[in-house]
Amino acid sequence: MIDPNLKKEFLALLRSTERDGVEDVIDELQELGFFDAPASASFHLNYDGGLVEHSLNVCRVALGIREQMVAMNKGMAEYIPEDSVKIAALLHDVCKADIYKKVTKKKKDKFGMIQTKQGFKLDYTNFPLGHGEKSVIVLLRAGLAMSDFEIMAIRWHMSAWDLPFQSADIKENLNKARDICPLCAVIQTADTLATNILERKNVDDDDDFLWVD
């Protein structure tokens, strides 16, 4: 069951930025099904509402990282604005809002008996335009005012995992973004920590099954 408090917290954090276009973005998220979507098809938070939960986790971690960076170097407050952290962290995975379709999966237990389970499959039909770049385009089209650093942080939040065909040109763009945009490192790190630590998938009975088509 989707926790309505997660959506409420997400909206409160996003609106606290008082950014131009934020209400239009919220309308777009509603239309895309962002608040009902999972964070993944088979891995972390792969259930209804998982995407908004993941986005909040990344935001909480990112704000914690910013707080520590500013405590160590007061000058970081200027280079990593709090509202920018919220924008980039909460909206980095908008690209996922419309790609998960509910399906019934079959699995075979150790006795050879077929079991069924509700799950998700990936379907990029709606807007096949990549990952970070898709999030940026969706947000800009919705009318959100974003800084260059926020755009870079969202575009490159997957770091080197999102280098299409190992393009030399794209690699140079990623490296330059890292050099000039501290927010990139904050969002990349927060996303990694949230996904691989906070949302680490528990071992459950599914390990006793073999998935079948």
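Enumerate by residue number the chymotrypsin sites (Phe, Trp or Tyr not before Pro) in the range 106-192 meeting two conditions: DSSP loop (anything except H, G, I, E, B), and at most 15 other Cβ atoms within 10 Å of the site's Cβ.
Numbers: sites: 111, 120, 124, 149, 156, 161, 165; in loops: 111, 124, 156.
Filter output for the range 106-192: 111, 124.
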Seminar exercise, completed: Of all trypsin sites (Lys or Arg not before Pro) in the range 58-160, the ones in DSSP coil with at most 11 other Cβ atoms within 10 Å are 74, 110
For this session: Set the Förster radius R0 to 45 Å, insert the Cβ-Cβ distance between residue 122 and residue 79 as r into 1/(1 + (r/R0)^6), and round the FRET efficiency to 0.05.
Result: 0.80
Seminar exercise, completed: Whole-Å distance linking the alpha carbon centroid of the range 55-81 with that of the range 120-161 is 22
Exercise. Can you work out the FRET efficiency for the pair residue 2 and residue 111, with r the C-beta to C-beta distance and R0 = 30 Å, to the nearest 0.05?
Worked result: 0.30
For this session: List, largest first, the extents of the alpha carbons of the chain along their principal axes, each in whole Å.
Result: 62, 38, 35
Exercise. Of the heavy-atom accessible surface of the chain (probe 1.4 angstrom), what whole percent is carbon and sulfur?
Worked result: 54
For this session: Could you sort out which of 105/176; 8/176; 7/134 sit more than 32 Å apart by Cα distance in this structure?
Result: 105/176; 8/176
Exercise. If you place +1 on the Cβ of every Lys and Arg, -1 on the Cβ of every Asp and Glu, and leave all else neutral, what size is the dipole of the chain about its Cα centre, to the nearest 20 Debye?
Worked result: 540
Exercise. With the other protein chains left in place, how much accessible area per residue, in square angstrom, belongs to the chain at a 1.4 angstrom probe?
Worked result: 56
Exercise. Along the principal axes of its C-alpha atoms, what lengths does the range 1-69 span, in descending order and rounded to whole Å?
Worked result: 33, 30, 18
Seminar exercise, completed: Given the candidates 99, 71, 32, the one whose Cα lies deepest towards the positive end of the charge dipole of the range 1-145, counting +1 at each Lys or Arg C-beta and -1 at each Asp or Glu C-beta, is 99
Exercise. Sorting 16, 167 by accessible area (1.4 Å probe), largest first, what list results?
Worked result: 16, 167
Seminar exercise, completed: Among GluC sites (Glu not before Pro) in the range 1-83, those in a DSSP loop whose Cβ has at most 10 other Cβ atoms within 10 Å are 18
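The values are calculated or read from the model by the stated rules, or taken from the named source; none is laboratory data. What you see is a predicted model, and the numbers here were worked out from it, not measured in a lab. For neighbour counting, all protein chains shown are included, and Cβ atoms are generated from backbone atoms with ideal geometry for every residue, glycine included. We work out accessible area using only protein heavy atoms, side chains counted, and drop any ligands, DNA or RNA first. Shrake-Rupley method; radii C 1.70, N 1.55, O 1.52, S 1.80 Å.
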